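A short write-up of the structure that comes next.
Rule-based calculations on the coordinates, nothing more; no lab input. Computed from a prediction, not measured in an experiment: that's the story for all the values here. As a convention, Cβ positions derive from the backbone with ideal geometry for all residues, glycine included, and neighbour counts pool all protein chains shown.
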Amino acid sequence: MEQKSIVVREGYTIIIPTAILTCLTALFGFYWIAFALFLLAAFFVFFFRNPEREIPNNKMVVVSPADGRIIKIENVVENSLLEGQYKKISIFMNIFNVHVNRIPYAGEIEKIIYKPGKLLSANMDKASALNERNLILIKTAEGKKILTIQIAGIIARRISCWLREGMHVKRGERFGLIKFGSRLEVYLPSDSKIVVESGNKVKAGETPLGYLNE
């Protein structure tokens, strides 16, 4: 189920203990430690923030599933969940980006596959195949397929996905997050029109990545 709170619930398991430690250390007079813990708690609130976004209403637009920077766009042949040629867009998220992920295009969740993996830096190409990742296949009303992959990074292996197979989702709907530095990949049909370039900064649910061919 989509979370619309100011801070996503996964953050409270870190924020609340840190806030309690801040209060306890201040109570016993360890003010410098308390101040450091306060800053840490504030960072966790910042990291797990869950802002609203203006979702484009163009029928065929595919929006970015993540905040971050486009690090690669390539033509690939994907054989695990997809058949044929696809356009792959890779997005790197640093620790200062909003880490809540959003649905790139409306449709039905056809398949979800979680794969455990290594702790390589998420901006490395081989992280796509070796790191912990979660594959989400969407089948659109037009019969097209879009694959979104959540890939964990080097700092923490924590992928959250709030979806279930068979669910119907809307473009821009929140569906999960990855904690502390990560990567998102989107596979679009080869005839899609891509409107971003490597190096572009994108916002989840808001920035168009491209348009499906009608």
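Here are the numbers:
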quantity	calculated
Most to least packed among 10-17, 146-153 [average Cβ atoms within 10 Å]	146-153, 10-17
Pairs from Lys59/Lys139; Lys115/Lys193; Lys59/Lys201 whose Cα-Cα separation, in the structure shown, is over 18 Å	Lys115/Lys193; Lys59/Lys201
Volume per residue that the Cα convex hull of the chain spans, once the total is divided by residue count, Å³	116 Å³
Acute angle (nearest 10 degrees) that the helix 31-47 long axis makes with the longest principal axis of the chain, alpha-carbon atoms	20 degrees
